Amino acid sequence: MYKSLRIIPAVFAAILLSCSQSNDKTEQQQPNILLIISDDQGYADFSPFENHSAEISTPNMNRLAESGMIFTQAYTTAPVCSPSRAGLNTGKFQFRWDEKASWGPGLPDSVLTIAEYLKAAGYATARIGKSDYGTNYHKFNVREYPLNHGYDHFLGFSAHAHDYWLNSEESAKRTPDPNGTSAHLGPLMWDREYKSYDEGYLTDIFTDEAITYFKTKKDQPFFLTLAYNSVHHVIHEVPQKYLDKYEVKPIHNYNPDSMETFGNQQPGSYSAYYEKYTRLGAIRDEDMRKYYLANLNCLDDNIGRVLDALKAEGLDKNTLIIYISDNGGSPITGALNAPLSAGKYSLWEGGIRVPMAISWPGKVEAGKVQTNYVSATDILPTITEAAGITLTDQTIDGKSLLKRETDQERLIVWKWGNTWAIRKGPWKLTNTNESWGKGRPSVQYIKPISNDLSLKLFNLENDPGERVNLAEEMPGKVEELQNSYNNWCSENLGKY
């Protein structure tokens with residue numbers, strides 16, 4: 001029905017040149033690799049962290065911490081999902097090719113993904129859940145579709161978000177606008193077709209598919225990306241037992257026959273429903289947090305099901321698991337980023353510092369807390385090293401996390417629209433302002449100290465919450481970091 005996008009010869013050649021197996025013994029011992037991505041999870045909503053919120057229930061995330069290592073200063077490459085996922089999956093700051101640092105960086109043919117490296121190294125590859133590079137949504141024959149950048153199998157959706165309950169063909173047919181970028185519902189993309197679900201909750205569906213995959217892929221090592229859309233809006237859609245646990249009432253599902261107009265959305269549209277229930281007003285402030293906690297609890301239980309299935313299949317000892325959120329907690333879902341300022345949509349720490357853990361029995365020290373700062377770009381070189389692949393691409397920004405020590409004078413840069421930031425050692429320089437999209441933020445939101453594009457300098461070692469701007473006191477450090485950022489941009493941007 002749909003034509004497959006072929007990898008052009010130059011890209012295929014690049015894969016062969018960029019990776020190689022060290023020897024047959026390494027190839028035989030290649031681990032399975034599971035990359036779990038949560039969506040908009042708050043920094044304080046991760047119980048392995050010492051100062052986590054007392055309200056949350058994430059015991060299965062604790063299991064990852066107990067068997068592996070957590071990172072208290074892990075950064076994504078952007079404060080929103082599409083660009084951050086581009087950076088994560090390529091090991092590169094996505095604004096190398098997207099100089100406007102936009103929501104839609106896309107995925108150029110010339111930039112290889114984790115899945116492409118691993119497929120060339122003999123791995124079976126699958127993606128389950130959200131696929132989002134900010135462009136070419138709902139299409140099979142584009143580079144951004146998972147089967148066209150290294151994955152053998154895909155079940156999920158191509159958009160920012162998807163309804164948790166309405167996953168059927170019938171629901172899409174009754175809806176005037178089923179294929180929005182965030183307000184999206186209906187059947188899931190399944191390889192080159194669609195798969196309709198008349199019942200079931202999306203987080204559970206993704207977990208079921210992952211477990212089925214574990215049970216069938218035993219003839220070769222596998223790489224599975226399990227990209228949940230939890231805990232993204234529409235946050236109130238959660239199975240009843242979790243609503244009961246957090247003592248919050250259910251909200252009716254979308255129905256095109258009864259959906260009134262909201263804002264400038266057309267009557268009966270799904271976008272009207274989505275817009276209404278992604279803002280405070282229709283949902284009370286105290287309830288928004290409860291819906292978030294219920295959604296997070298459900299996600300954690302599903303992670304537990306995944307871990308249990310790996311153990312039941314005898315795969316747990318030779319599986320590298322990496323867990324990360326795609327960006328900081330959203331200001332409008334009830335997520336908590338304490339002690340960090342702001343959240344999703346901005347380059348304050350609350351928008352780019354995220355929960356992260358790695359577990360690999362016998363290879364990663366169990367119970368370790370890594371306090372040095374790292375980047376989501378490090379995931380690609382970590383995975384390829386574990387798989388026995390040697391990288392030769394000098395434009396990869398990440399560094400393997402399997403090394404004993406991380407570089408604490410390392411330069412990390414961010415570019416997001418007309419804002420930017422740089423970190424080196426304990427120092428961060430940024431011109432970021434405050435942003436959270438539509439509506440007012442929930443009470444969990446920690447307002448930053450300013451909302452303008454002036455230069456702000458922070459010592460994050462002493463001030464992770466970015467409450468004391470040292471720019472006027474330390475003009476020399478401001479100049480040093482600003483020059484470093486400008487030099488990096490002049491040397492690296494626009495090379496694709």
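Figures for the structure shown
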read-out	value
Contact order relative to length of region 388-432, as percent, for alpha carbon pairs under 8 angstrom and 6 or more apart	23 percent
Accessible solvent surface per residue of region 404-456, calculated while the other protein chains remain in place, 1.4 angstrom probe, Å²	47 Å²
Highest to lowest packing among 42-50, 65-73, scored as the average C-beta count within 10 Å	42-50, 65-73
Relative packing of 378-388, 306-316, which averages over residues the other C-beta atoms within 10 Å, highest first	378-388, 306-316
The chain: calculated mean residue ellipticity at 222 nm from DSSP helix runs of at least 4, using -39500 (n - 2.57)	-8000 deg cm²/dmol
For region 43-55, Karplus couplings with θ = phi - 60° (6.51, -1.76, 1.60), whole Hz, Gly/Pro x	4, 7, 9, 9, 5, x, 6, 4, 9, 6, 5, 6, 7
Gained length - residue 365 relative to residue 403, 0.36 nm times residue gap less alpha-carbon distance	12.5 nm
Convex hull volume per residue in cubic angstrom - Cα atoms of the chain	138 Å³
Cα centroid separation - region 171-238 against region 333-406, whole Å	25 Å
Charge dipole of the chain about the Cα centre (unit charges at C-beta), most positive-ward option of 262, 362, 91	91
Rounded to the nearest 20 debye, dipole of region 339-470 from Cβ charges on Lys, Arg, Asp, Glu	340 debye
Sequence ranges 179-190, 125-136, ranked by mean other-Cβ count within 10 angstrom, highest first	125-136, 179-190
Unit charges on C-beta of K, R, D, E only; dipole of the chain, Debye	560 debye
The chain - percent relative contact order, Cα under 8 Å, separation 6 or more	24 percent
Cα centroid separation - region 27-82 against region 267-292, whole Å	27 Å
3J(HN,Hα) from dihedral phi, region 219-235, Karplus parametrisation 6.51/-1.76/1.60, rounded to Hz, x for glycine, proline	8, 7, x, 10, 10, 10, 9, 10, 9, 5, 8, 6, 10, 7, 4, 8, 5
Spacing of the two label points (7 Å from each Cα toward its C-beta) at residue 255 and residue 490, in nm	6.4 nm
Region 370-466, relative contact order in percent, only Cα pairs under 8 angstrom and at least six apart counted	19 percent
Kyte-Doolittle mean at least -1.0, axial Cα span of 24 Å or more - DSSP H helices of the chain	285-312
Kirkwood Rh and Cα Rg combined as Rg over Rh, evaluated for region 361-496	1.01
Residue-normalised accessible area of region 23-151, expressed per residue, 1.4 Å probe, Å²	27 Å²
Links that overshoot a 27 Å alpha carbon limit, given the list 130/173; 173/344; 130/424	173/344; 130/424
The chain - percent of accessible surface contributed by carbon and sulfur, probe 1.4 Å	48 percent
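The values are calculated or read from the model by the stated rules, or taken from the named source; none is laboratory data. All values derive from a computational prediction rather than experimental measurement. Here Cβ is always computed from backbone atoms with ideal geometry, including for glycine, and neighbour counts include all displayed protein chains. With ligands, DNA and RNA removed, areas are computed over all heavy atoms of the protein, side chains included. Shrake-Rupley method; radii C 1.70, N 1.55, O 1.52, S 1.80 Å.
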